[in-house]
């Protein structure tokens, strides 16, 4: 079925799931009219609690998120899960893992689950997932999980768009220095030590406490708590849910919360601007760009002067 | 000591290491004159063999790269290592791990090692590292390793700029589905199973073989070999070095190799264009942008119409 823009706006506002899915697909595919619809839906967004979940591959994030989603649902909330897969930059191919799991949780019926790829195209790395959050928010979802696969910069960027960020660690995946290396420590609002019945859980806990004690927290700062969980059994997920609610409450009353919301909007503007500018300067200008690439390949030109030329030709100032 | 542009160009061309370091710092800090110098040095670049190394945190990449660097040095090559750390997106803070190790290899004297941060600023994610490769190439380095910490999209993007890409796996870090999830399988030119004396090495080997057998290789394609190594002892590093040399030879004679070089240049042009455009449209326009962000925060405007306005104001077409 084809929806007109007006129908999409109306139906998404009413929380019609088919319309939501359709609009996410349109925006994921970069269909221009999706922008117009999202632009209209914006004023209805802003009330969802967006929860980012990141951690090493194999940390059990999917299972944990499934349980947490059920906890929120039991509290009467409308819940969505976005599982972000890093697409292969070469084939753009689909990813196996989450597909299997998705069907399982999807049986639950009332939790919306969507697996999304982070496309490698011109600046559009995480646009799809940002758009999806925006759509789900406007559709009246109370809780939106963004679950990422890895712990790289792209994942960090995605998780930064969340109100609350969970960092999931597991015992025995290398020492905590690895966690620092991965650069995820400072984005955590809540630490979760998953598979907490394994050897080494206390060690991870201790290392984290030491690391946190090195940070300079001000009187009114949120100090990231460290919680233990065994996601496969659902252990610890209630406490975690409580802690997330607490964090949201804290955010809503603090200057930090407002600043974070500003930053999310600013990031979004920067990403959208990047995409639009690159489309105009590079995407719509492919013949010229390819010719310039060839000249660089032959060392007749260099990328710096080429870029100067492309930008000067396009900009008013 | 301050170098003029002319001195930098001359000294870097002669392989003067102090000038090389200085220029990398200038470009990392986004000093405008670095562009002019890099532009001039471009015609002297293009002969280095750039080797990307990626894999999970804890896979032993640093130790492996140290050994491989020594192997190349023993073959009479001039070798550099760029260790890419994901900077915390909040503090921009430095990372601990590699600093310790760096001093160790640096004692070797003739291997150039530089730890670099992937900065989160406006599109400049990996510009610093791309510039550094460019500079080292122009300075006459034969072998340039780019070693990344994680396996996220940003790391993949960086490794794509290499001629040869090593993907390092270890036994017992979760099954190979995790490796697919991380999206690194398809970028591998050579697989390395490090810590191959551990339990499960054969299992990883078997899983990889199965996965590779699912790929459609054409007659003349490079089929990624799977090698075992124990980096801490240096075991297997000679075979690996041989294999890298073989891959370079294959690339130099193939259409694929030329296409890859085109793609690297194109990516570089896209990244530089992004940076320049964002600087002009967002960076130099902060007062206006902050006002528009506030309007979005109050739901008086939406990011889409804001971006439209910013881009239209800046572009000729």
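What follows draws every value from the coordinates through simple rules; no lab data is involved. As the structure is a prediction and not an experimental result, all values here were calculated from the model. Note: ideal-geometry Cβ built from the backbone for every residue, glycine included; neighbour counts use all protein chains shown.
Things to note:
- Rounded Å value of the spacing that divides the Cα centres of the stretch A:194-228 and the stretch B:1-58: 41 Å
- Cut-off 16 Å, label 7 Å out along Cα→Cβ of residue B:36, residues of the stretch A:276-313 by amide N: A:304-305, A:308
- Listed from fewest to most Cβ neighbours within 10 Å, the set B:134, B:205 follows the order B:205, B:134.
- Hydrodynamic radius (Kirkwood) for the stretch A:17-79, which is based on Cα pairs only, to one decimal in Å: 14.4 Å
- Calculated label separations, residue B:317, copies of the chain, 7 Å along the beta-carbon direction, nm: 2.2
- Taking N as its residue count, the alpha carbon Rg of the stretch B:207-260 over 2.2 N^0.38 Å: 1.34
- Sorted shortest first, the separations between the residue B:219 label point and its copies elsewhere in the assembly read 7.8 nm; each point sits 7 Å from Cα along the Cα-to-Cβ line.
- Convex hull (Cα only) mean projected area of the stretch A:1-44, reported in nm² to one decimal: 2.7 nm²
- Cβ-vector label at 7 Å, residue A:202, separations to other copies in nm: 3.7
- Shielding of A:240-249 by partner chains, average beta-carbon count, 10 Å: 0
- Spherically averaged projected area of the stretch B:183-317 from its Cα convex hull (nm²): 14.7 nm²
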